[in-house]
Amino acid sequence: MGTVFLAIRGFQGLETTCVVKRLVPQYLNDVQHVDRFHDEASLARRFSHPNLVTTFDVGMVGSEMYLAQEHVHGRDLSQVMSSCWENRVPIPVDLAVHMARELAQALAYVHGFENLNIVHRDINPPNIRISYTGTLKLLDFGVAKSDARLSSTTENVSLGKPYYMSPEQMFDEPVDCRADIYVFGLVLWELLTLRAAGSRKVGDEILPPREGRPEMLARLRTSNYQPPSELNAEIPKELDEVVLRCLARKPTERFQNAEELIRSLNPFAMKGDAPLAMKSFMARIFDVEDDRALLKHLVEEGRSLLPTKPLPSESAPPNALVGESASSSATSR
């Protein structure tokens, strides 16, 4: 639904990087997509939490709405797990739990925000960003459900990525915060094993889940997942119980809110300076200095697009797009 650009804002010599998200041009005349983008902007500008990206500005250029948000210099969780897999570097269990706990704190804040009954509905590794300084942030509320929405979900239309859906989302059942807790369990399962949720150990072989729709629907109907410790012997059995409770088929059998989930993770949390450990781990699996050099080069190239000092007619610093970084999809499936 949105196209995302890396941008700089401010004035020459005082610029900061940010991300500008714009509605894809093909949806500019689609009322449902415009309303959905408006809903995202309305929520995002009001959030204030260390595990959520900060929204600096929401505005219009002509008839096109945009969001200017914090740029989290780092990688998304799918890239982190892929790098770990490629380099045969496991994520230590206590560090995986720390990441999951940070995500749970974001969910606790969102689910309780202004009594709006917000459900993210699109939790997945690409929407979870980890900075090179060791901070985790949840992104993208483009398909979030809340009592403040302008848009509504068409009956029998599921929003989100099918692989990261709760049974309620897929089977058009009532959805509340426990749907996010189910998908949280999928992400935690993957963090702990570096395998796709639903992988199974048969003898000495680990088989990935079948990706066909019938197999996916069968897995959602039964929620039959092996304990992650069967794929990673470092995982304590008590942590298995936390993961599998998140993945219970019936919402009533899961943790009923994110606060309960956080308390269940506390015994397994990393001792000591967890952000420093995360920062060190990111430097181990990525060429951080190379990425920083690339960012510096992009900023230097774009700096000339900014004014040298505030203009009398402007009440806020302008943004200058310096490159398209990614596209995010929130279309109906």
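The values are calculated or read from the model by the stated rules, or taken from the named source; none is laboratory data. Every value quoted in this text rests on a predicted model; they were computed, and no experiment measured them. Note: ideal-geometry Cβ built from the backbone for every residue, glycine included; neighbour counts use all protein chains shown. Only protein heavy atoms, including side chains, enter the accessible area calculation; ligands, DNA and RNA are left aside. Shrake-Rupley method; radii C 1.70, N 1.55, O 1.52, S 1.80 Å.
Here is how the numbers come out for the structure above:
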read-out: Computed over segment 16-60, Cα set: Rg, Dmax in Å; value: 11.9, 35
read-out: Vicinal HN-Hα couplings computed from phi for segment 265-277 (Karplus, 6.51 cos²θ - 1.76 cosθ + 1.60; Hz; Gly/Pro x); value: 7, 3, x, 9, 5, 5, 8, x, 7, 5, x, 5, 5
read-out: P(r), alpha carbons of segment 98-222 - 10 Å bins starting at zero, rounded %; value: 11, 42, 32, 13, 2, 0
read-out: Highest average packing first - 4-12, 28-36, 294-302, Cβ atoms within 10 Å; value: 4-12, 28-36, 294-302
read-out: Phi-based couplings in Hz for segment 170-179 (Karplus 6.51, -1.76, 1.60; Gly and Pro marked x); value: 6, 9, 6, 9, x, 10, 9, 4, 5, 5
read-out: Ranking by accessible area, most exposed first, for Glu211, Glu289 with a 1.4 Å probe; value: Glu211, Glu289
read-out: Surface accessible to a 1.4 Å probe, Phe56 within the full protein complex, Å²; value: 90 Å²
read-out: Solvent accessible area, Å² - Glu259, 1.4 Å probe, full protein context; value: 90 Å²
read-out: Solvent-accessible area of Tyr132 with every protein chain in place, 1.4 Å probe, in Å² to the nearest 10; value: 10 Å²
read-out: Equivalent ellipsoid semi-axes, segment 47-158, via Cα gyration tensor eigenvalues times 5, rooted, Å; value: 28, 17, 15
read-out: Fraction of accessible area attributable to carbon and sulfur, the chain (%, probe 1.4 Å); value: 51 percent
read-out: Principal axis dimensions, segment 1-78 - Cα atoms, whole angstrom, descending; value: 38, 30, 26
read-out: Gain on full stretching of the segment that runs from Leu207 to Arg284 - 0.36 nm per residue minus C-alpha separation; value: 24.9 nm
read-out: Accessible area, probe 1.4 Å, largest first, for residues Thr17, Thr133; value: Thr133, Thr17
read-out: Efficiency of FRET between Ala196 and Thr308 - r from beta-carbon atoms, R0 45 angstrom, step 0.05; value: 0.30
read-out: Extension gain (nm, one decimal) between Gln256 and Lys271, 0.36 nm per residue minus Cα-Cα; value: 2.8 nm
read-out: Label-to-label distance, nm, for residues given as Trp85 and Lys237 (7 Å Cα→Cβ offset); value: 3.0 nm
read-out: Label-to-label distance, nm, for residues given as Ser78 and His297 (7 Å Cα→Cβ offset); value: 2.5 nm
read-out: Accessible surface, per residue, of the chain when the full set of protein chains is kept, probe 1.4 Å, Å²; value: 47 Å²
read-out: Two-site FRET efficiency, Arg263 against Asn117, from Cβ-Cβ distance with R₀ of 30 Å, rounded to 0.05; value: 0.85
read-out: Over 37 Å [Cα-Cα, the chain], rounded percent; value: 19 percent
read-out: Gaussian network model of the chain, Cα within-10 Å springs - most flexible of Ala179, Ala274, Ala104; value: Ala274
